[in-house]
Amino acid sequence: MSTEIRVRFAPSPTGPLHIGGVRTALYNYLFARKMGGKMLLRIEDTDQNRFVPGAEAYIMDALRWAGIEIDEGQGTGGPHAPYRQSERREIYQREAQRLIDEGKAYYAFDTAEELDAMRQRLEAANAPAAQYNAITRMQMRNSLTLKPEEVKARMDAGDPYVIRLKTPRKEEVRLNDIIRGWVTVHSSAIDDKVLLKSDGLPTYHLANIVDDHLMGITHVIRGEEWLPSAPLHVLLYRYLGWEDTMPQFAHLPLLLKPEGNGKLSKRDADLGGFPIFPLQWTDPNTGQVARGFREDGYLPEATVNFLALLGWNPGTEQELFTMDELIASFDLAQVHKAGARFDIQKAQWFNHQYVKEQPDAVLAPTVQQQAQAAGYDCSLAKAEKIAALLKGRVNFAREIVDEATTIFNAPTHYDEAVTTAKWNADAVKAVTAFHDALVAYEGEFVADTIKHTLSDAVTQAGIKQGKIMQAMRLALTGSGAGPDLMLTMEIIGKDETVRRLEQALATLPKP
RNA sequence: GGCCGAUUCGUCUAGCGGUUAGGACAUCGCCCUUUCACGGCGGUAACACGGGUUCGAUUCCCGUAUCGGUCACCA
């Protein structure tokens, strides 16, 4: 008997993966790695109506981007293939048939209209719950109420039918959730769920139990929205005779709106101006483009770190984690029970932490590309220097170029407040002296030597350096604020520095 | 509405009977810096309410309130 831990991420390919889904996948992955187990990917595409082309590929791309590795499953293969539920229909039909044969499920022929009528009738009668259950099923059209000959006749005639679970009338169903502890539900609250749809495909409830069992899943880690149907799943394991190897459940708290009520939605993302999908997604039907964390400039490491801490924490004060560190400290018992509001500011802070630690050479291509896109001429070497200068100031790599406009452009105007306050006779004298010193200077033009040249020139002119630095900055960049001036000059080069000083002297008002 | 779950600073959270209720984001102030930012230091700020249990409840139990989820031939 194997004790290997096996978990699965089982998304439905109905569109781009929601960021909450990424977190669910992440927790599964962390748990699997932590326990030395396996992470499976299964595609739950049993709803033909909701199938969206490209969604499956998107899911796999998104997981790869996040650094979540799949050990077995769709796209990877493994001993339990196929991992796409639409390709496993015979398996579900076989198990559903077994439930029928054992009297634990039955055929139902009710039409949508009949079901509607039943619910309306029950609601009108103020029934506690309008559901297809132990009581109401005897008034419906199914193999429990119809004569065997009629059931057979209908099936032979090709009448559409579903298979429903014969839920017991009164029975306590208990399950021990790893995160929440014991949860007890009375079977009367569970209705006769459809197990096999009239198109021959299973519903989630049947497919997930059958596959989890067949694939040897030991822990089901999924969103809290499944908690209400978890007792039904326990019942199914029992009826299928698999209760002794039933996986353990862990229901994760949901991601909530940044403000207001309800769970996080696409709409909140649009309103708040932040992504809700890991990768950009273009709807194949409408052509609408939804932004992604990746395209917005979030690093996968930052996104993962942010997501990991949204609902879980290690109990220590550590905030920054590599994937390996997350794996080492992850513990399902430390997952918080309540839903977490989605705070994009925190995500930005995490990104800042990671961007400033990126090697300059890694940032350089992005900077160069952004610079070129903005119409600037920028070598890779220059991009690397700019990255070094500015990466600590930004939340996103793409913002580096925004911060670098004073490097690419000579001033087109000069900040008025700074001009008024700092552009005086001493400033002109100092800028002139520095200009002249630079023209005569023949050595290497780097921050260190520039600093000395500047300092010497200004001192010789009889001026205190501190008094004119703002003016110097104004002359060179047009602004009173910005990154280190010496490094800025090094990057723009001697010729351009000299030229800008001349421009300032010629343009700024004579004090 | 029925059922299930949750409830600590504005937000993410630590806490698992006795703490000056800790950290992080955000915010404010100070320092650093020739400037801005980064960074460092510090401040403001929380146990939903009511009953129990207990020598003692943020912590355990029960109500109430509020929030969330779920009640499909969707997952």
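The values are calculated or read from the model by the stated rules, or taken from the named source; none is laboratory data. Predicted model only: the values in this text are computed from it and were never measured. As a convention, Cβ positions derive from the backbone with ideal geometry for all residues, glycine included, and neighbour counts pool all protein chains shown. These area figures cover heavy atoms from the full protein model, side chains too; ligands, DNA and RNA do not enter into them. Shrake-Rupley method; radii C 1.70, N 1.55, O 1.52, S 1.80 Å.
One table, with the values for the structure above:
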| quantity | calculated |
| --- | --- |
| Förster-model FRET efficiency, 30 Å R0, A:Glu325 and A:Gln280, C-beta, rounded to 0.05 | 0.55 |
| Kirkwood estimate for region A:358-408, i.e. one over the average of 1/r between Cα atoms, Å | 10.2 |
| For chain A: accessible area per residue (Å², 1.4 Å) | 47 |
| Listed pairs A:Lys422/A:Lys467; A:Lys385/A:Lys451; A:Lys263/A:Lys337; A:Lys356/A:Lys385; A:Lys266/A:Lys391 exceeding 19 Å between Cα atoms | A:Lys266/A:Lys391 |
| Over chain A: Rg over Rh, Cα atoms, Kirkwood Rh | 1.18 |
| Hits among lysines - C-alpha to C-alpha of A:Lys152 under 24 Å, sequence gap 8 or more where chains match | A:Lys104, A:Lys166, A:Lys193, A:Lys197 |
| Accessible carbon and sulfur surface of chain A relative to its total accessible area, %, 1.4 Å | 50 |
| Normalised contact order of chain A, rounded percent, pairs of Cα under 8 Å and 6 or more residues apart | 11 |
| DSSP-assigned coil residues among trypsin sites (Lys or Arg not before Pro) in region A:278-369, each with at most 14 further Cβ atoms within 10 Å | A:Lys337, A:Lys356 |
| Viscosity 0.890 mPa s, 25 °C: Kirkwood-radius Stokes-Einstein D of region A:266-354 over Cα pairs, µm²/s | 171 |
| Inter-probe distance in nm under a simple model that places probes 7 Å from Cα toward Cβ, at A:Leu505 and A:Asn261 | 7.0 |
| Computed E for A:His452/A:Ala410 - FRET, C-beta separation, R0 22 angstrom, nearest 0.05 | 0.35 |
| Reachable aspartates and glutamates from A:Lys170, criterion Cα separation under 14 angstrom, eight or more residues apart if same chain | A:Asp191, A:Asp192 |
| Beta bridges per DSSP with both ends in chain A, % antiparallel, nearest 5 | 55 |
| Inter-site label distance for A:Ser198 and A:Ala125 at 7 Å from Cα along Cβ, in nm | 2.4 |
| Simple label model, 7 Å out from Cα along Cβ direction - A:Asp436 to A:Arg64, nm | 6.4 |
